1. Please give the helices (runs of 4 or more DSSP H) falling wholly within the range 31-113 in which 1 or more residues are within 22 Å of the chain's Cα centre (by Cα) and closer than 18 Å to ALA336 by Cα.
2. Can you confirm whether SER75 is surrounded by fewer than 20 Cβ atoms within 10 Å (Cβ to Cβ) and more than 19 Å from PHE333 (Cβ to Cβ)?
3. Suppose we filter the range 60-72 for residues that are in contact with a helix residue (DSSP H, G or I) (Cβ under 8 Å, 6 or more places away or on another chain) and either surrounded by fewer than 23 Cβ atoms within 10 Å (Cβ to Cβ) or acidic (Asp, Glu) (or both); how many remain?
4. Quick check on GLY314: is it at pLDDT below 95, farther than 28 Å from ILE194 by Cα and in a loop (DSSP other than H, G, I, E, B)?
5. I'd like the residue in the range 216-235 that is of a type in the set (Val, Ile, Thr) and touching a residue at least 24 places away in the same chain (Cβ under 8 Å) and, out of all such residues, is surrounded by the fewest Cβ atoms within 10 Å (Cβ to Cβ).
6. Please go through the range 41-87 and pick out each residue that is of a type in the set (D, E, K, R) and free of Cβ contacts under 8 Å to residues at least 60 places away in the same chain.
7. Which numbered condition trips up LYS198, out of (1) within 24 Å of SER231 (Cα to Cα); (2) crowded, with 17+ Cβ neighbours inside 10 Å?
8. Look at CYS150 and say whether it is more than 19 Å from LEU46 (Cβ to Cβ), surrounded by 15 or more Cβ atoms within 10 Å (Cβ to Cβ), out of contact with any Lys or Arg (no Cβ under 6 Å at 6 or more places or on another chain) and in contact (Cβ under 8 Å) with a residue 12 or more places away in the chain.
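The values are calculated or read from the model by the stated rules, or taken from the named source; none is laboratory data. Source: prediction; values computed, not measured. As a convention, Cβ positions derive from the backbone with ideal geometry for all residues, glycine included, and neighbour counts pool all protein chains shown.
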Amino acid sequence: MPRPFLLLLALSSALHCSRQELIDDLLDSLSKAVAFFEKQSGHINLDGVVGYVVLQTQLQEATRAWPHSDFVSLSQRSTAVSLVKKLDRSLSHAVRSLQETDPKYYKEFEPILDTAFWVLPREWSSTDPSLVYSSLRTTECYDEQVGDKCMTLLLGTWKDNGTPCIVTKSCRDTMTRFGCPYYSLSHQLLYFMIGTMKGCSRMLKGDMRLSRVNITVEHYQRIFCSNMMKSNQEIISKGFTSQMQDIFIENILLCGLAGFSDFYKGDWLQHILEWQDKELGCFGKEEDYLQMFEEFLDTPHKRVKRREKTLKDGCSSHMTGVAVSALGGYLNFYLAEQDITKRPLI
């Protein structure tokens, strides 16, 4: 047997083992996070619940596409099936609680609390460093109340039986503004993702700017994720703080959902796994997390209060939801039938 073939066979076997070990780590982490959700499902806010809804979508796809190649794979799939069943019960309870405790916010974002809303990537692409902004604005350029309104106009929940896919000039200008940092950037991307999943095919209609005439929705997503990639690289180089952990994971979640495979880096996964509270199964468990989050955004406390909720055990509702859905994205990517050389195993 030719020596190069033996080397290739050995490499393929090693990569397969590495992938199986990573999947074991992911399932172990997700099992702890789902157990946490079972206990706290009536207390987690809408943003956190959405994270678990996205995770459920990812687990459903994983169990459908799981390779039945050996005993280890079958055992792993059995674990994933068990998680799906547990989430079915917990999500029903969580959604009922949201409907009772925050009926207005629930009604506005009810569509995204359905696993059927979320569309997972069918093909992969990579970010483009040439699209990175030459400079960033010094402050966030996204207002939560305006952003929520723009989202509801897409979803059709801005009033009872509202028309969906409405894009005002104000919303379009806000969501296509270049140079925005951090949470503004990720919410610009989320806006286009929600519009695409809702089927709003003409989101850019009415944009008369000549400089933007050839920019499509897909191109905007590539611009945003290319800059979110740069943001994550800078966060790593400067060191993690609590609020930067949240941004870092949110970027992986959203750009992974948008189909950018270069966000699924193995060392980035290890960071996320390390941040999980091993006993409780949650993320963001720090006494000063909320304070740091608020100071970073440099906005009134009332803005943070709704986006973030620190649970009685000290866990972050937002960061936990973001983290579990990012981990679900990693799981599906590792299971995807992609060229083995493109999997982020190192």
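1. Helices (runs of 4 or more DSSP H) meeting the threshold: 46-65, 71-101.
2. In short, yes.
3. Residues flagged as in contact with a helix residue (DSSP H, G or I) (Cβ under 8 Å, 6 or more places away or on another chain) and either surrounded by fewer than 23 Cβ atoms within 10 Å (Cβ to Cβ) or acidic (Asp, Glu) (or both) within the range 60-72 amount to 8.
4. When the stated conditions are applied, GLY314 passes them.
5. Here the answer is VAL217.
6. ARG64, ASP70, ARG77, LYS85, LYS86
7. Exception for LYS198: condition (1).
8. Considered against the rule, which asks whether it is more than 19 Å from LEU46 (Cβ to Cβ), surrounded by 15 or more Cβ atoms within 10 Å (Cβ to Cβ), out of contact with any Lys or Arg (no Cβ under 6 Å at 6 or more places or on another chain) and in contact (Cβ under 8 Å) with a residue 12 or more places away in the chain, CYS150 comes out as no.
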